[in-house]
Amino acid sequence: MEEYGGGGGDLLSEAMGSAARVVVVEDCVEAPGAFVLHLLLKRALASGGAAAFLALAQPFSYYDRVLRKMGCNLSLHRRNERLHFFELLGFPGGAREGTIADSFVRLYNEIQRLVEANRAGENAGQFTVVIDDASLLEVVALGSVNDVLDFLHYCFALTSEMNCSLVVLIHEDIYADEENMGLLLHLRYIADLVIKAAPLSTGLAADVHGQLSVVNKGTFSEQRAKAQKVWNFHFKGKENGADFFYPGTRH
Amino acid sequence: MAEAVVRCLRDGRLDGEHAPALAVEGSLQCCPLAAGAMLHIAAAFASQVAAGKAQARGLVVVAFDRSPLVYLEFMRRRSLDTNALDRCVRILDCYSDPLGWKQKIQNQQHQGNSAKQFSTNKENITVYRSVKDVTKLMSSVTELGGGFEEGKKYFSVAVDSISSMLRHASVPSISGLLTNLRSHEQVSSIFWMIHSDLHEPKVPRAFECLSTMVACVEPALVDPVCGESPGNLSVLEQNYSKAKFIVRLKRRNGRVKHLYEDLYIEGNDIKFDSAPSVSIEVNQSLVPKAQFNLELSEKERSDRANVVLPFEHQGNGEPIRIYDGRRSLPEAQRDLSLTAPALVDEIKAPKSGTAKGEIHYFRDSDDEQPDSDEDPDDDLDI
């Protein structure tokens, strides 16, 4: 049963399980995956946790509008300090503030303080760091993949030290032609869970907007060891979320 | 075989030789299994050290890809108790703060608070903050290794992983580090993990050259339509549950031995399963894929057996027919088959007093298959 506004969370949540710490969402131009990020952000805030959102693609007003239609009030969460929004459209802020690496250090520092504060707080729910998106991080780092990977590594280390989770969006089709897929491959390696949005091989359709494949590596987690690791289902985007269903089950 | 590999590492170096080195290679398609293989080898080796069966007195793990606690937790699950771990395992933590960012932040904030979790050195975990400095890394490793026991005792080194190191330092500097470690008088053995698809092909090969053993973790099933989403789901699913563990051991006499096992995840542990028909399978996979056929079919085999070799005595009671390379015209017209060349009938002259020259030819190559890689000198122990 798909919950109203919840975006058919059942299939996706079932595929994701509960133990995944590092989630990488891959998408392409034909099948944008930002809606997955919105869903995960909504879920993170709804379950009583807190989140840090690193936005390089859009300003706050955009996400506010989108999530509002999904039944989640980002402005309220921001005021209550459950959501910490980093508008990074102007990142890193120019040469006078030091090198790119220094800017990443400062950004990491702020995130780390937030995570620590959340952990020490009374209502210590799950903390989620969401990055939209890694390809743009590479752009603001002026193409320095190493700086981006260093920053992502530190965020990744946070997940194991501080019991928080990391969700990163990356555009897979940008890297499709490169011999060395660099950032994409590294992210796939560190991910516990890879959610890939792709168009249907049969092309555009009114009722089905694409397919999602979820690979849950289940690294050495007892619960996941016997569970299904690879999922594939279709999705249809809606104003208030998305529906997920197996191929052919849509009337 | 994983046990054979651990045994080689445990036995360590001989006098006058460099330490044995194992390169574990994995790829994205089976990366949890490759990670598991590395953890397994580290844990199995540490158990041998703890039991006093190894040349080394301790293991230094240089951890880039995983938190040190993951190694310790895995080893604990393999029945290594805290005492044994404290005694035999040291971890150089290049995961928590590889570039010193956390320390930089602390210094900027003038916080000397060392109670923060990530900056505390636990007993057998040492945080290392300058991964770009390979020389310093070398001295940190040897310092940790020297601290196991009094006197100049052996220790072994595990690097997880070289791929992460390569983000911070060049191939020559890391090769230099590994070579220096191998030739260090106190290093008993060394093993490392590298993710082959993160680099150009020549990079893992360069590190293979430095090793005496290479263990490749390969996907159990190869999807012909690889890379596309979602591809073959069941293939993907299988490849995350089990993989092939293929080991190449370089022997001292130059021979390369191939071993093969299956490896799979069971619960939160990793297990190995010896395949019964080892050599046949590996030999078959050794035949390079070419556009021409390198194997013989059954018909071809029997035809080959029927070929009459020149100067050879058929010994089947018929008049001796020795083929002298010439085909006389009538015979050639009668016999069109190429596999049974026309023979010139010659009745051998009965032996007379004046002996003519004779050629006695004994075929000795029947048993050996062509292109077999059996080394006739294999039993020599030089």
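Read-outs: derived from the displayed coordinates by stated rules, not from any lab. Being a predicted model, the structure only gives us computed values, none of them experimental. No Cβ is skipped: glycine too gets one built from the backbone with ideal geometry, and neighbour counts run over all protein chains shown.
Restricting the calculation to alpha carbons of region A:21-198 gives Rg and Dmax of 15.5, 49 angstrom. Annotation: the residues B:I41, B:I162, sorted from fewest to most other C-beta atoms within 10 Å of their own C-beta, follow the order B:I41, B:I162.
The order of A:S165, A:S75, B:S47, A:S47, going from fewest to most other C-beta atoms within 10 Å of their C-beta, is A:S47, A:S75, B:S47, A:S165.
In sequence order, region A:135-145 has phi-based couplings of 5, 6, 4, 5, 5, 6, 7, 6, x, 7, 4 Hz under the Karplus curve 6.51 cos²θ - 1.76 cosθ + 1.60, θ = phi - 60°, and Gly or Pro positions carry x. Using 7 Å Cα-to-Cβ label points, what is the A:K238/B:S183 separation (nm, one decimal)? The answer from the label model is 6.9 nm.
The simple Förster model, with R0 at 51 Å and r as the Cβ-Cβ distance, assigns A:Q126 and B:R251 a FRET efficiency of 0.45.
Distance between the modelled labels on A:N163 and A:Q228, one decimal in nanometres: 3.1 nm (7 Å Cα→Cβ projection). Taking other Cβ atoms within 10 Å as a rough exposure proxy, A:L169, A:L204, B:L263 sort from fewest to most as A:L204, B:L263, A:L169. Note on chain A: Lys pairs 8 or more places apart or on different chains, Cα atoms under 17 Å apart, count 9. In this structure, A:A176 and B:V308 have a Cβ-Cβ separation that, at R0 = 56 Å, corresponds to a calculated FRET efficiency of about 0.40. Using the Cβ-Cβ distance between B:T82 and B:A4 with R0 set to 25 Å, the FRET efficiency from 1/(1 + (r/R0)^6) comes to roughly 0.25.
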